[in-house]
Amino acid sequence: EGSNLYQIPFVPLPMRCLIVLAMLVNCEVIAQSDPFWAIPIQGPPTPIYRTADSSSVVVARITSDDVLLVRCEGAGWCRAEDRQGRQGYVPRSVVLPLTELDDKAAARWMGKIFQEEERLGRALNERVAAGDSLATMAAGRALNDLDYERNAALSLFTPYFCRTGDIGLLHLLMFAIGANPGSASEGPPYRLTLALECRPDAFKQALATMD
């Protein structure tokens, strides 16, 4: 009696449970990363496990040519999805975020994707011009199968180009857009707009030097 010590108010048990639950949920959210694009670090096929346990069932095996959409849950494991929609877990140590590639490696990786899109787009156009419906369907499927990698490359392109003004890579993207009849209404034109805004001189030079 007469003490000036702070008195902790009584909190009913149900309220205490709710407070603890909220703290646990917040900690879980903080531990999870936002989704990001990544590639496997290892050369041999990398397994995607059904659960965050290396002894669980392997749902898919991916190589360094594949790209994944990843969300890491803490430091140990990441939830991953491949181009075919197969989902599971991979150790954080076996994937490399695309944003961590150095500029030379990033340009090489994006350039490979844009060149493949151009090749597949030209093949589709040739099948359409030849009037071969079965071959057109096959070429269209091949082009659609590249969407996952193309979306990953486009997400990396804007910050890379705004940082470097790489005209050669911009050319490759423009050629890919020109060859792919379905890309004009999708993400690439938006990426070109961003490139024009951040590097207008490089963008104009790229247009002036198109072959």
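The values are calculated or read from the model by the stated rules, or taken from the named source; none is laboratory data. Nothing here was measured: the structure is a model prediction, and the numbers come from that model. We place every Cβ from the backbone using ideal geometry, glycine too, and count neighbours over all the protein chains shown. In case anyone asks, the SASA skips ligands and DNA or RNA and just uses the protein heavy atoms, side chains included. Shrake-Rupley method; radii C 1.70, N 1.55, O 1.52, S 1.80 Å.
Would you mind putting 72-82, 191-201 in packing order, based on average other-beta-carbon counts within 10 Å, highest first?
72-82, 191-201
Just how far, in whole angstrom, is segment 140-211 from segment 55-104 if you go by their alpha carbon centroids? For segment 55-104 versus segment 140-211, the Cα centre distance is 25 Å. Peptides 50-58, 95-103 ranked from most to least packed give 95-103, 50-58, packing being the mean of other C-beta atoms within 10 angstrom over each peptide's residues.
Once the 1.4 Å probe is applied to the protein heavy atoms, segment 99-169 comes out at 51 Å² accessible per residue.
Between ARG163 and ASN125, the simple label model (points 7 Å from Cα in the Cβ direction) yields a spacing of 3.2 nm.
Ligands, DNA and RNA left out, the accessible area of segment 133-211 computed with a 1.4 Å probe is 58% carbon and sulfur. Under 5 Å from the amide H of THR46 lie the amide H atoms of ILE62, THR63, each residue being 5 or more positions distant or on a separate chain, with H modelled from the backbone and absent for Pro and chain starts. For segment 140-149, backbone phi angles converted through the Karplus equation (6.51, -1.76, 1.60; θ = phi - 60°) give residue-by-residue couplings of x, 5, 4, 5, 5, 5, 8, 3, 4, 5 Hz, Gly and Pro being listed as x. For segment 46-54, 3J(HN,Hα) computed residue by residue from phi via the Karplus equation (6.51, -1.76, 1.60; θ = phi - 60°) reads 9, x, 9, 8, 5, 10, 7, 7, 5 Hz, glycine and proline entered as x.
Taking label positions 7 Å along the Cα-Cβ direction at both ARG141 and GLU73, the computed distance is 3.4 nm, reported to one decimal.
Rounded to the nearest whole Hz, the Karplus-based 3J(HN,Hα) values (6.51 cos²θ - 1.76 cosθ + 1.60, θ = phi - 60°) of segment 110-122 follow the sequence 5, x, 4, 5, 5, 5, 5, 5, 4, 4, 5, x, 5, with x at glycine and proline. Between ARG50 and LYS112, the contour length at 0.36 nm per residue exceeds the alpha carbon distance by 19.3 nm.
Tell me, what is the FRET efficiency for SER93 and GLU197 to the nearest 0.05, using R0 = 35 angstrom and their Cβ-Cβ distance as r? Display every interim value, and only then the final one.
Numbers: r = 38 Å, r/R0 = 1.07.
Once the sixth-power term is evaluated, E becomes 0.40.
Scanning residues 5 or more positions from CYS78 or on other chains, those with amide H under 5 Å from its amide H are GLU73, VAL90, ARG92, with H placed 1.01 Å from N in the peptide plane.
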